[in-house]
Each structure stands twice: as structure tokens, then as C-alpha cells.
Amino acid sequence: MNFVIAAGGTGGHLFPGLAVGEVLIARGHRVMLIISEKEIDSLATQGRSDFRIERVPGVGLQSKSPLAILKFILKFRAGLAQVKALYRDFAPQAVIGMGGFTSTAPLLAGRARKIPTFVHESNAIPGKSNKLNGRIVTRVLLGFEECAQFFPAGKCTVTGTPIRTSLATRLDKTEALAAFGLTPGKQTLLVMGGSQGAHGINQSLSNALPQLAKYALQVIHLTGKQDEVMMRESYARAGITAFAAAFHHRMEAAYSAADFAISRSGAASLTELSHFALPSILIPYPFAAEDHQTFNANIFERAGAATLLKERETSGETLAKKLLWFLEDPQRLSDMSARSASLAPQQAAERVADTILNSCA
């Protein structure tokens, strides 16, 4: 059968969509992946010949001015017409949107064809587009049970957030450390701030490093382009061994090498941290829609898998205290690792695929 997955605009939408597509393709089906025109979508899908990839402009309403509304309507109508033309050629049996405005036109076009439609919401609180999409689709699939309250009663299925095939298996820790020029025998911290890095986190950690120098600590730090040089210099001054790079595409190696993490709290990142049983210091992105990253982080903190630190409260001193809380108590690290693992969704991509396929039976 033919299926459409609309997933783009952010890694949090795209990577779970790729995971579902990989399962459907492995089961012998064909998948059209509709993505946005953003750079992250092009980078993440480069070389993916297993999918039919189509780019449709994602359209968001940036303001309520008459001109902005007019531009939104015109762009949305053009995108919807483009999607309908794609469907006439591809003839999908079902459509799933993974969130964001990239999903809305493909879901509406699917509804117009009277085929099953689905939306997946990874976060604890849905974004504006998914609140709308959830009203028009056949079924809403959720990463967190706590999100069901925002959708029509009886319409939700909790599947968890799908994880990429490349992350499915933990690598040997010694080999993973060697990939970053690091060695066994030290606690390994993974720092990641999303695809663009996180300057606030980077600055606070740079200020915290002198207080950490006496500990057996080494770091894998994905800095984003802006702060790569600054962080390398900071680690060198503090005498802390670190792999600091703007990006790293083999995240399975980074997760396998790490003992704990500093991270934003997007749903995809949290799913990956729990899959690798990593406790974490979560610093939510303060400008996330509906402050959904804070609500995501609260779930992990309540479960004892993470500790939450608001960015406005983050400084070199406060971040150092949180890190010492881990470094000085190995048993706490071990306990939180087990609690993190307990939150990992089991076979989420397969469960999403099963739900889609059952609707077409």
C-alpha cells in the first residue's frame, strides 16, 4: 500500500516520522514523505532514496494583521493544491501528520479523499496546529498520556514517540568513547541544545567548568555553530577533556558513550535519552510553543529520571551544583538511570505503523 507521512520543520517532527516510515517500508509498503523547505529537513533526509520525498512550504500564521492573514491564506491554498496533485499521482491509503503546520495541508487533502488520517503529538501539550489537526483526523496518537486531555474524548491512542532505526541498538561503550577521543574510567557528560545549539546553556556551562575541573569528568558537547570555538577554548582552560563540535550525526555513539546529559526537553530528545537510560539535567527551551518543553520535563522529573532547571535560573553556579549532585553520588546516577529507562516507549514506531495498517484492513 501507499502511505503519506507529513513531517518537517523541526527534528522533533521529522525524526519520529522517519522512524514510522522505516517500519512501513520494511513491511513492504511505499512511503511518500512530505517535508518543509527548511534546511534541517534537507539535511536529515539527504540520501534517503527509500522514501519518495516531496517538499511543500510549511505555512504558519505569524500575526493577525490583515496582510499576514491574506498571505497565509494564499500560501496555504497553494500548498494544499500542490498536495492534492501529489495525491492524484501517488494515491495514498492513509496519511499521518507528525505535527507542525507542514502536516495540516496533507491531512486536509487526505480527509478530502475520505481515507484514514492520523496525527501524532509527541509533547505533553500539543501545539496550535495539532490542536486543529486533532479535530479533523480519524485518530490522534500520543507520546505522553498526559496530552489526551487536549483532544476529543475517546479519540486518542498512546503509542509513545517513535525512535530512529539508527538509534535502536546501544553500541559498545569503549568503542563509542573512542569515537570521540575519550577513554573509560571517567564519568561522561553529553551536552546538547537542539539542532541550533543553545547559547544560554553553553555560556552557563563555560562558567561552571572551573568548579568541575577536579572531578574525573569528560564531555561530549554538541555546541551549535555559534559557540563551537568558545566551548573548545573553555574546556582547554579548565583542563577538562572534551569533544566539542557544532553537530554530530551519529547520535547513537554519543548516547552510548554518555553516563548522563544536559539537554533541552523536546519530546524526541527525551525519548532518546530514556531509550539509552540516561539521567539528565533538563533546561527547557524558554520560547517553545505553550511552554511544552517545561511540561515534558516535569514528567521526567516527577519520575525521578531528571532534574529540571529553568533557563532564567541557570548560571555557572547553579549548573555546577546540579552537575556535582550527579558526580558526587554514583548511586543516585545509577538509580536515575533505571528510572529514565522505565520511561522509554517500547516499539513506538511499530505501534504507530500497526494503528495505521489496521485502519486500512
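The values are calculated or read from the model by the stated rules, or taken from the named source; none is laboratory data. Because the structure is a prediction, the values reported are computed rather than measured. Cβ: placed from backbone, ideal geometry, glycine included. Neighbour counts: every protein chain shown. Remember, those area values only see protein heavy atoms, side chains included, never the ligands or the DNA or RNA. Shrake-Rupley method; radii C 1.70, N 1.55, O 1.52, S 1.80 Å.
Just to be sure, is Ala68 of a type outside the set (Ser, Thr, Tyr) and open to solvent by 20 Å² or more (accessible area, probe 1.4 Å)? It is true that Ala68 is of a type outside the set (Ser, Thr, Tyr) and open to solvent by 20 Å² or more (accessible area, probe 1.4 Å). Of all residues in the stretch 25-47, those satisfying the criterion of being loosely packed, with under 14 Cβ neighbours inside 10 Å and either more than 19 Å from the chain's Cα centre (by Cα) or assigned to a helix (DSSP H, G or I) (or both) are Ala26, Arg27, Gly28, Glu39, Leu43, Gly47. Of all residues in the stretch 305-336, which are among the small types (Gly, Ala, Ser) and not in a helix (DSSP H, G or I)? Selection gives Ala305, Ala306, Ser315. In the stretch 25-37, the residues that are among the polar types (S, T, N, Q) reach residues that are surrounded by 24 or more Cβ atoms within 10 Å (Cβ to Cβ) with C-beta atoms within less than 8 angstrom, at least six apart or across chains, in these pairs: Ser36/Gly8; Ser36/Gly58; Ser36/Gly100; Ser36/Thr102. In a residue-by-residue description of the stretch 53-63, the property of being in a loop (DSSP other than H, G, I, E, B), open to solvent by 40 Å² or more (accessible area, probe 1.4 Å) and among the small types (Gly, Ala, Ser) applies to at least one position. Considering only residues that are closer than 29 Å to Pro345 by Cα and in contact (Cβ under 8 Å) with a residue 60 or more places away in the chain, which ones fall in the stretch 232-258? Arg250, Met251, Glu252, Ala253, Ala254, Tyr255, Ser256, Ala257, Ala258 - these are the residues of the stretch 232-258 that are closer than 29 Å to Pro345 by Cα and in contact (Cβ under 8 Å) with a residue 60 or more places away in the chain. Remark: pairs (first residue in the stretch 259-276, β-branched (Val, Ile, Thr); second residue modelled with pLDDT under 95 and outside any loop (DSSP other than H, G, I, E, B); Cβ separation under 7 Å; 6+ apart in sequence or on different chains) = Ile262/Ile201. For His199, the conditions (1) open to solvent by 10 Å² or more (accessible area, probe 1.4 Å); (2) farther than 24 Å from Pro286 by Cβ are fulfilled apart from (2). When the stretch 304-337 is filtered for residues that are open to solvent by 10 Å² or more (accessible area, probe 1.4 Å), of a type in the set (Gly, Ala, Ser) and within 21 Å of the chain's Cα centre (by Cα), the ones remaining, listed by number, are Gly304, Ser337.
Collect the residues in the stretch 144-179 that are within 28 Å of Arg48 (Cα to Cα), among the β-branched types (Val, Ile, Thr) and open to solvent by 70 Å² or more (accessible area, probe 1.4 Å), keeping them in residue-number order. Those that are within 28 Å of Arg48 (Cα to Cα), among the β-branched types (Val, Ile, Thr) and open to solvent by 70 Å² or more (accessible area, probe 1.4 Å): Thr165, Thr169. Output the residue which, of all residues in the stretch 288-303 that are modelled with pLDDT under 95 and surrounded by fewer than 18 Cβ atoms within 10 Å (Cβ to Cβ), is nearest to Pro330 (Cα to Cα). Ranking the qualifying residues of the stretch 288-303, first place goes to Asp291.
One residue alone among Ala153, Ala124 is free of Cβ contacts under 8 Å to residues at least 60 places away in the same chain and either part of a loop (DSSP other than H, G, I, E, B) or among the aromatic types (Phe, Trp, Tyr) (or both), and that residue is Ala153.
Within the set Val83, Val20, the sole residue that is in contact (Cβ under 8 Å) with a residue 60 or more places away in the chain and either outside any loop (DSSP other than H, G, I, E, B) or open to solvent by 30 Å² or more (accessible area, probe 1.4 Å) (or both) turns out to be Val20.
Residues in the stretch 233-243 that are surrounded by fewer than 22 Cβ atoms within 10 Å (Cβ to Cβ), under 18 Å from Gln211 (Cα atoms) and not acidic (Asp, Glu): Tyr235, Ala236, Arg237, Ala238, Gly239, Ile240, Thr241.
This table checks each residue for (1) on the phi > 0 side of the Ramachandran plot; (2) over 17 Å from the mean Cα position of the chain (by Cα); (3) buried (at least 24 other Cβ atoms within 10 Å of the Cβ); (4) of a type in the set (Ser, Thr, Tyr).
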residue	(1), (2), (3), (4)
Lys225	no, yes, no, no
Ala245	no, yes, no, no
Ser256	no, yes, no, yes
Ser274	no, no, yes, yes
Ser280	no, no, yes, yes
Pro286	no, no, no, no
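So, in the stretch 278-296, of the ones that are part of a strand (DSSP E or B) and without any contact (Cβ under 8 Å) to a residue 60 or more places away in the chain, which residue ends up farthest from Leu327 (Cα to Cα)? That would be Leu282. The C-beta contact set for the stretch 162-181 (first residue touching a residue at least 40 places away in the same chain (Cβ under 8 Å) and in a loop (DSSP other than H, G, I, E, B), second residue of a type outside the set (A, V, I, L, M) and open to solvent by 60 Å² or more (accessible area, probe 1.4 Å), distance under 7 angstrom, 6+ apart or interchain) comprises Ile163/His275.
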